[in-house]
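Accompanying notes for the structure given below.
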Amino acid sequence: MRKHTPPVPSTPFMNVRDAARATGLSEYYLRKELAKGTIPHLKSGRCIMINVPALLVQLGVPQK
């Protein structure tokens with residue numbers, strides 16, 4: 001049986017909602033880890049942009 005590999009996003013930085021959809025992780029989990037500082041991200045004012053490819057590498061998801 002083949003394992004499901006999530007697609008690599010077309011843009012490296014996504015907001016929390018889009019990153020949750022792209023990775024399959026919940027928004028709650030992403031926000032909790034953002035507060036801890038364990039997820040690679042940029043913050044400008046109230047806007048948080050998650051570096052999704054770096055997050056997938058951090059989680060150990062194989063890349064194509």
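Selection within region 7-37: residues that are β-branched (V, I, T) and at pLDDT below 95. The member of this set that is farthest from Q58 (Cα to Cα) is T11. If you go through region 6-20 and keep only what is more than 9 Å from the chain's Cα centre (by Cα) and in a helix (DSSP H, G or I), you end up with just R17. Mind listing whichever residues of region 39-52 are in contact (Cβ under 8 Å) with a residue 12 or more places away in the chain and surrounded by fewer than 16 Cβ atoms within 10 Å (Cβ to Cβ)? Result: L42, C47.
Reported count of residues in region 29-64, each being in a strand (DSSP E or B), of a type outside the set (S, T, N, Q) and touching a strand residue (DSSP E or B) at 6+ places or on another chain (Cβ under 7 Å), is 5.
The values are calculated or read from the model by the stated rules, or taken from the named source; none is laboratory data. Since the model is a prediction, treat every value here as computed from it, not as a measurement. Note that each Cβ is placed from the backbone with ideal geometry, even for glycine, and that neighbours are counted across all protein chains shown.
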